[in-house]
Each structure stands twice: as structure tokens, then as C-alpha cells.
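As C-alpha cells, the structure follows; a few thoughts come after it.
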């Protein structure tokens, strides 16, 4: 059956899940739009519940799960990205517990405190995955990991990463128990250059919010570092700073 109306009960549920974080959490699901993103979600073992597909747009292989077909006009109305790729999937949400994570001996992780912008979180996930970071931890989060903007800007890299939410206190305890070298990013005259630090051993680099940086909780908890710059500006966009840090981790490991 081809669904063509926004008043269809399945479509009403889907639009609620697409637009409201609290509805997704209550239902224990997350939503994935786009062919590449759904392929990555399935590849990394996420369990699908159902798919909404527009045959006039979708050019990929049909997933081996429950499928609802929708008209092109309806898809344009419900999809976050309009006509893009013609597939929306609903997946079961699995809880990830930081205390159960077993890091590698040369583990390098990025920690984001209270990150606010979904686009930044997605871009940082993409950098972490591309440069082989072991995990990403978000402390006291202000945005949902599975916000459509996070999934879109990470191009589905979210699904192949170890990613956790925890409080500052839980995160610090995890770092101590697992023997991480902690590097903070306060604006400070005593900060050392990023490339002068050994990031080939267990290393955790912390970044704060987009507008105010790290909170006082992390002051004195680690060694302060900076990214050297030659221009007149004194700071970088959060996702750019994280990307440079992730690349430096990989560069050092390749030169061992």
C-alpha cells in the first residue's frame, strides 16, 4: 500500500519521532535518513524496526526489514532533507555505558563538555572516525546524539564510533581508573603546543562549549595545551580544533 497522507497514523508517529527528542527517547528509537547513513547503521549492527521508502527517489537495495512505501510528495514533506535519497529508517536505541568500555592500550579519545550544536557534534564524530580515535565522550550533554543534524553532519560516522554520555565526575573517574593522560584546552599563557605532547599513549583531550570553553570543573585536572596559530585570531571553531587534534593523534602514531 502506498501512503500518501500526512494524516496516516504511521506518518503521524514518524513525524513526531523526527521532530521531538523526548518522543524518540520515550519510544527507545532513533531515526536515520539517507542511503549512506542507513547503510552504515545496518553495517554496524543497529537493529531496524521499519523503513519508509519513496520508490521514485530511492536507488539502493531494499533493506531486509518491514518497509512502508510513501509517495514522492509525502516524502518531500516528512523528510528532513526533502527529496534526498528516499529512505528513512527507525532503529532500536541501545544504551552505551562508559563504565563497560574497555579502551585500547594506545587509546586516544576526545571529550566534549556540554556541546550544544548538533552540527559541531556530527562534524567532530566524523573527524574522530576518520583519524582513528578510540572513543568520544560527551559530558553533561545539551544535544541528542541521534538528532537528525548530528547523523547528517557525521555522514553516519556516529554508528561506527564508541560514543558515550556521562557526567564530568563519571568521566574523570573513568580517565583515572584507565590511566589516561588528560589534556585540557583553557585559554592560558601556560599552555603547551599540541604537537609537543606524546599522544601515542593513552590520551584524552577535552574541549568545552562553543561560546565559553571548558568549565572550572576541569581546571587543574590535566595539562593545558593549545594549537599554535600564525594569524591574528586567537581561537578556532570547535569542530576545526577537534579535527586538528584528531589528525595530530594519527600523525604521531604513523611516525612511531
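For this structure, a couple of remarks:
- For segment 71-103, a residue qualifies if it is more than 23 Å from residue 23 (Cβ to Cβ) and either part of a loop (DSSP other than H, G, I, E, B) or touching a residue at least 24 places away in the same chain (Cβ under 8 Å) (or both), and the qualifying residues are 71, 73, 83, 85, 86, 97, 98, 99, 101, 102, 103.
- Per the listing 106, 144, 140, the residue uniquely assigned by TED's automatic domain parsing to the domain that holds residue 183, in contact (Cβ under 8 Å) with a residue 24 or more places away in the chain, at positive phi and touching a helix residue (DSSP H, G or I) at 6+ places or on another chain (Cβ under 8 Å) is 140.
- Condition met for residue 125 (assigned to a helix (DSSP H, G or I), outside the structural domain of residue 204 (by TED's automatic domain parsing), closer than 23 Å to residue 31 by Cβ and in contact with a strand residue (DSSP E or B) (Cβ under 7 Å, 6 or more places away or on another chain)): no
- Options 236, 199; residue that is assigned to a loop (DSSP other than H, G, I, E, B) and touching a helix residue (DSSP H, G or I) at 6+ places or on another chain (Cβ under 6 Å): 199
- Test: residue 93 is surrounded by fewer than 14 Cβ atoms within 10 Å (Cβ to Cβ), within 26 Å of residue 35 (Cα to Cα) and out of contact with any helix residue (DSSP H, G or I) (no Cβ under 7 Å at 6 or more places or on another chain): no
- Top-ranked residue of segment 141-193 - restricted to ones that are in a loop (DSSP other than H, G, I, E, B) and surrounded by fewer than 16 Cβ atoms within 10 Å (Cβ to Cβ), ranked as modelled with the lowest pLDDT: 142
- Residue selected from segment 210-233 under the condition in a loop (DSSP other than H, G, I, E, B) and in contact with a strand residue (DSSP E or B) (Cβ under 9 Å, 6 or more places away or on another chain), by the criterion surrounded by the most Cβ atoms within 10 Å (Cβ to Cβ): 214
- Within segment 147-197, being over 22 Å from the mean Cα position of the chain (by Cα) and touching a residue at least 40 places away in the same chain (Cβ under 8 Å) holds for 178, 181, 187, 194, 195.
- Reported count of residues in segment 7-55, each being assigned to a loop (DSSP other than H, G, I, E, B), surrounded by fewer than 13 Cβ atoms within 10 Å (Cβ to Cβ) and more than 20 Å from the chain's Cα centre (by Cα), is 1.
The values are calculated or read from the model by the stated rules, or taken from the named source; none is laboratory data. Small disclaimer: the values here were computed from a predicted structure and weren't measured. Here Cβ is always computed from backbone atoms with ideal geometry, including for glycine, and neighbour counts include all displayed protein chains.
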